[in-house]
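Below: the structure, in structure tokens.
The values are calculated or read from the model by the stated rules, or taken from the named source; none is laboratory data. Keep in mind that what you see is a predicted model, and the values were worked out from it rather than measured. With ideal geometry, Cβ positions are generated from the backbone for all residues, glycine too; neighbour counts draw on all protein chains shown.
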């Protein structure tokens, strides 16, 4: 797999954090992979990630300030090898949107990355900034698992 798309609701919290972490860790390992992120909804198209996501990412050394929210499109199912959903609701929506002949594999992110508990990335949007730190830590662990799985073939 060479191209991975991370998906959450509005593409301002979970999925851009996952994208930023994956890009940084893959680059550090010298891996040539394409990462992107999108939302199932159109709430924040063109906006930067949530300020709390950006703050936590900057503090932890993986800035995501340059990313901009977008909504997933049908072409993404042909462009990406793997589409990873943050939670089961996103997984259902992605499977509903996926064209029958599209080659993308659609999976729930954490289990695919080797994390069984929790099996969904919690949405920190309505909570305090500490929740964004917890999501960052969880996604950092998931990224290690993702890249290990991709390297193993």
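Yes or no: residue 46 free of Cβ contacts under 8 Å to residues at least 40 places away in the same chain and under 18 Å from residue 1 (Cβ atoms)? Explain how you work it out, then say what you get.
On the way: free of Cβ contacts under 8 Å to residues at least 40 places away in the same chain: yes; under 18 Å from residue 1 (Cβ atoms): no.
No; evaluated as a whole, the condition is false for this residue.
Do you know which residues across segment 80-130 are out of contact with any helix residue (DSSP H, G or I) (no Cβ under 8 Å at 6 or more places or on another chain) and part of a helix (DSSP H, G or I)?
Selection gives 88, 89, 90, 91, 92, 93, 94, 95, 96, 111, 130.
Looking at (1) surrounded by fewer than 18 Cβ atoms within 10 Å (Cβ to Cβ); (2) not in a loop (DSSP other than H, G, I, E, B), find the lone condition where residue 46 falls short.
Failing condition for residue 46: (2).
For residue 139, indicate whether it is buried (at least 20 other Cβ atoms within 10 Å of the Cβ) and assigned to a loop (DSSP other than H, G, I, E, B). It would help to see each step written out before you state the result.
On the way: buried (at least 20 other Cβ atoms within 10 Å of the Cβ): yes; assigned to a loop (DSSP other than H, G, I, E, B): no.
No.
May I ask you to verify whether residue 134 is surrounded by fewer than 20 Cβ atoms within 10 Å (Cβ to Cβ) and either more than 14 Å from the chain's Cα centre (by Cα) or without any contact (Cβ under 8 Å) to a residue 24 or more places away in the chain (or both)? Reasoning before the result, please.
Details: surrounded by fewer than 20 Cβ atoms within 10 Å (Cβ to Cβ): yes; either more than 14 Å from the chain's Cα centre (by Cα) or without any contact (Cβ under 8 Å) to a residue 24 or more places away in the chain (or both): yes.
So residue 134 fits the description; yes.
Conditions (1) closer than 27 Å to residue 1 by Cα; (2) in contact (Cβ under 8 Å) with a residue 24 or more places away in the chain; (3) under 13 Å from the mean Cα position of the chain (by Cα), marked per residue:
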| residue | (1), (2), (3) |
| --- | --- |
| 28 | yes, no, no |
| 37 | yes, yes, yes |
| 104 | yes, yes, no |
| 109 | yes, yes, yes |
| 121 | yes, yes, yes |
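What residue, of 92, 58, is loosely packed, with under 15 Cβ neighbours inside 10 Å, closer than 20 Å to residue 127 by Cα and free of Cβ contacts under 8 Å to residues at least 12 places away in the same chain? Break it down into steps so the answer makes sense when it comes.
Details: 92 fails: closer than 20 Å to residue 127 by Cα.
Just one listed residue meets the conditions, 58.
Please tell me if residue 65 is farther than 20 Å from residue 24 by Cα, at pLDDT 95 or above and in a loop (DSSP other than H, G, I, E, B).
Values: farther than 20 Å from residue 24 by Cα: no; at pLDDT 95 or above: yes; in a loop (DSSP other than H, G, I, E, B): yes.
Considered against the rule, which asks whether it is farther than 20 Å from residue 24 by Cα, at pLDDT 95 or above and in a loop (DSSP other than H, G, I, E, B), residue 65 comes out as no.
Identify, by number, the condition in (1) over 16 Å from residue 107 (Cα atoms); (2) in contact with a strand residue (DSSP E or B) (Cβ under 8 Å, 6 or more places away or on another chain); (3) without any contact (Cβ under 8 Å) to a residue 60 or more places away in the chain; (4) buried (at least 23 other Cβ atoms within 10 Å of the Cβ) that residue 22 doesn't meet.
The failed condition is (3).
On the basis of being within 15 Å of residue 20 (Cβ to Cβ), touching a strand residue (DSSP E or B) at 6+ places or on another chain (Cβ under 6 Å) and at pLDDT 95 or above, does residue 104 make the cut?
Numbers: within 15 Å of residue 20 (Cβ to Cβ): no; touching a strand residue (DSSP E or B) at 6+ places or on another chain (Cβ under 6 Å): yes; at pLDDT 95 or above: yes.
Judged against the criteria, residue 104 is not a match.
With the condition kept exactly as written, say whether any residue in segment 65-85 is out of contact with any strand residue (DSSP E or B) (no Cβ under 9 Å at 6 or more places or on another chain), farther than 13 Å from residue 9 by Cα and buried (at least 16 other Cβ atoms within 10 Å of the Cβ). Full working, then the answer.
The initial filter retains those residues of segment 65-85 that are out of contact with any strand residue (DSSP E or B) (no Cβ under 9 Å at 6 or more places or on another chain), namely 65-66, 68, 74-75, 78.
Among the residues that remain, those that are also farther than 13 Å from residue 9 by Cα are: 65-66, 68, 74-75, 78.
From the residues that got through so far, the ones that are buried (at least 16 other Cβ atoms within 10 Å of the Cβ) too are none.
No.
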